[in-house]
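Each remark here refers to the structure printed beneath this line.
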Amino acid sequence: MELAEVITVIGVSLITALSGIAVAMINRGNKRQKKNEEERKQYEKKQDARASQRAKESKQSMNLMSATNRLAIATAVAVKEQRFNGQMEEAMEVAREAQSNYYCFINSVAAEQLTE
């Protein structure tokens, strides 16, 4: 072989090797990008679940506050009129139901957390 042919073969081999290295680096970058995308999706899924849980808890809290307010108004009316009325019994039942629902909610949250 002549020197020119040797240099050509070495040049082609270097180009091929560098091309292979470039392809490997691109594949590695794509894998990293895919992994980051999967991690982002998992994070967003967890965030959505937490937001949903907060919304449920907020609804339960609003129900409790509403029941408490209703009971307070019924109590104020009973004190003002110096007698118990139907509002008091109804308000107490609403308060008991709201409290029971809240305890059920808290228990379901605790059960979910224990199973994770």
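The values are calculated or read from the model by the stated rules, or taken from the named source; none is laboratory data. The structure displayed is predicted, hence computed values, not measured ones. No Cβ is skipped: glycine too gets one built from the backbone with ideal geometry, and neighbour counts run over all protein chains shown.
Overview of results
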item: Residue among 44, 39 that alone is under 13 Å from the mean Cα position of the chain (by Cα), in a helix (DSSP H, G or I) and farther than 17 Å from residue 116 by Cβ; result: 44
item: Given (1) modelled with pLDDT of 90 or more; (2) among the hydrophobic types (A, V, I, L, M, F, W, C); (3) outside any helix (DSSP H, G or I), index of the condition residue 84 fails; result: (1)
item: Those residues of the range 47-64 which are under 12 Å from the mean Cα position of the chain (by Cα) and basic (Lys, Arg), in sequence order; result: 50, 54
item: Boolean, residue 53 is surrounded by 10 or more Cβ atoms within 10 Å (Cβ to Cβ) and in contact with a helix residue (DSSP H, G or I) (Cβ under 9 Å, 6 or more places away or on another chain); result: yes
item: Residue identified as loosely packed, with under 10 Cβ neighbours inside 10 Å, assigned to a helix (DSSP H, G or I) and over 26 Å from the mean Cα position of the chain (by Cα) among 22, 4; result: 4
